[in-house]
Amino acid sequence: MTTPKNKVVFSGLQPSGTLHIGNYLGAIKQWITLQENNSAFYCIVDEHAITVPYDPASLPTTVLDTAALYLAAGLDPNQSTIFVQSHVPAHAQLAWLLATQTPLGELNRMTQFKEKSANHQDRSTLGLFAYPVLQAADILLYQTNIVPVGEDQIQHIELTRDIAKRFNNKFDAVFTLPEALVNKNTARIMSLTDPNKKMSKSDDTAKSYITLTDTADAIRKKISMAVTETEPNFSFTNSGPAVTNLLAIYQAFSEQSVQDIENQFASSGYQEFKSSLADLIIEHLSPIQERFQTIRPDTKHLEEVLADGAAKAAQVATKTLAIVHEKMGLA
Ligand code: AMP
Ligand code: TRP
């Protein structure tokens, strides 16, 4: 993956309190690299999080947990604008304006909506249906060029481009067309218990995912219980989906070449490979966990970082919103 420079980068994730290694490898690791030479905005999307049943009393805590994890993982408030979506009202405002221009048919095709509404059949809401329009507003407010995400978000970024193109044709050329940036090797980290499903926090079994705050013991257990195929074969091209997934995780954390990893484990059994993989994950997560322990209790500092981020984000966002108002005849 060549790293873009001098671009506007925007991404976000929902404040659920914990992040798993799929979020880390699929999204956040790219965010950290991209913050260096680009103008990066990283958002905690609390207005997206409330589109499914949630607990209002614990949302403020999970927002701060997520902010602390962003910082502990390596996002630097001096390099990136880190903020909470609801602190910048322009997001919800632009979402409404874009909603008036978005055909229902396009939203009906969104697979994330289909999956989520299937899980919450009787509680499916207009907000859940409109979720991708709010996401489009997030991205378009900042004239974003690059959106680093995992594979499951590509469809939403494509919809964002369609919304932007339609607006630009109908009103005026206001919006930059964004592009999704996915890291091919880690775009879809799979569940440790079922390699046909993606790793997800909403999975019923915690054995299927490793969170950034899992203890070393828990990580060793989960990796040792991870499903594998019956034929041991540590090859990126000739393994089954379970082993390929474990190899992809190994490669992402070690940053070694495929060839080196295949050679290293050519004569190993599962035990040896798994124990080496667990060590590698623990080695990478423990500094993040140590930083999290220091950062998380300092609520005042976290709130300052987020307030500062929201002020910086609002400066850009309100400018775009004012132009949209004017072009739509609302000025
Ligand atoms: P979510 O947890 O759905 O809010 O996702 C936050 C970010 O992590 C998005 O960019 C997702 O595409 C990415 N992501 C979520 N699950 C995975 C996974 N299993 N593998 C790779 N990326 C993922
Ligand atoms: N929908 C994204 C997810 O579930 C989160 C998100 C909201 C997002 N707004 C965004 C991601 C803007 C990238 C850009 O992961």
- Message: Going residue by residue through the range 308-331, is there one that turns out to be open to solvent by 10 Å² or more (accessible area, probe 1.4 Å) and at pLDDT below 95?
- Response: yes
- Query: Quick check: is even one residue across the range 101-123 in contact (Cβ under 8 Å) with a residue 60 or more places away in the chain, touching a strand residue (DSSP E or B) at 6+ places or on another chain (Cβ under 7 Å) and in the same structural domain as ILE323 (by TED's automatic domain parsing)?
  - Reply: no
- Query: Does the range 104-137 hold any residues that are more than 16 Å from ligand 1 (Cβ to nearest atom) and outside any helix (DSSP H, G or I), and which are they?
  - Reply: ARG109, SER124, THR125
- Item | Unmet criterion (only one of (1) within 30 Å of PRO195 (Cβ to Cβ); (2) at pLDDT 95 or above; (3) touching a Lys or Arg at 6+ places or on another chain (Cβ under 6 Å)) for ASN38 | (1)
- Among helices (runs of 4 or more DSSP H) lying entirely in the range 217-302, which contain 3 or more residues that are at pLDDT 95 or above? 241-254, 270-295
- Is it the case that the range 194-211 has a residue that's of a type in the set (Gly, Ala, Ser) and under 16 Å from the mean Cα position of the chain (by Cα)? yes
- Message: Being over 17 Å from GLY12 (Cβ atoms), open to solvent by 20 Å² or more (accessible area, probe 1.4 Å) and free of Cβ contacts under 8 Å to residues at least 40 places away in the same chain: is that true of LYS165 here?
- Response: yes
- Query: If we keep just the residues of the range 39-67 that are of a type in the set (A, V, I, L, M, F, W, C) and under 15 Å from the mean Cα position of the chain (by Cα), which is surrounded by the fewest Cβ atoms within 10 Å (Cβ to Cβ)?
  - Reply: ALA49
- Item | Selection within the range 255-281 - closer than 23 Å to THR215 by Cα, under 29 Å from the mean Cα position of the chain (by Cα) and among the hydroxyl-bearing types (Ser, Thr, Tyr) | SER275, SER276
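The values are calculated or read from the model by the stated rules, or taken from the named source; none is laboratory data. Keep in mind that this is a model prediction, so the values were computed, not measured. Reconstructed Cβ throughout: ideal geometry from the backbone, glycine too, with neighbour counts over all protein chains shown. The accessibility values were calculated without ligands, DNA or RNA, using every heavy atom of the protein model including side chains. Shrake-Rupley method; radii C 1.70, N 1.55, O 1.52, S 1.80 Å.
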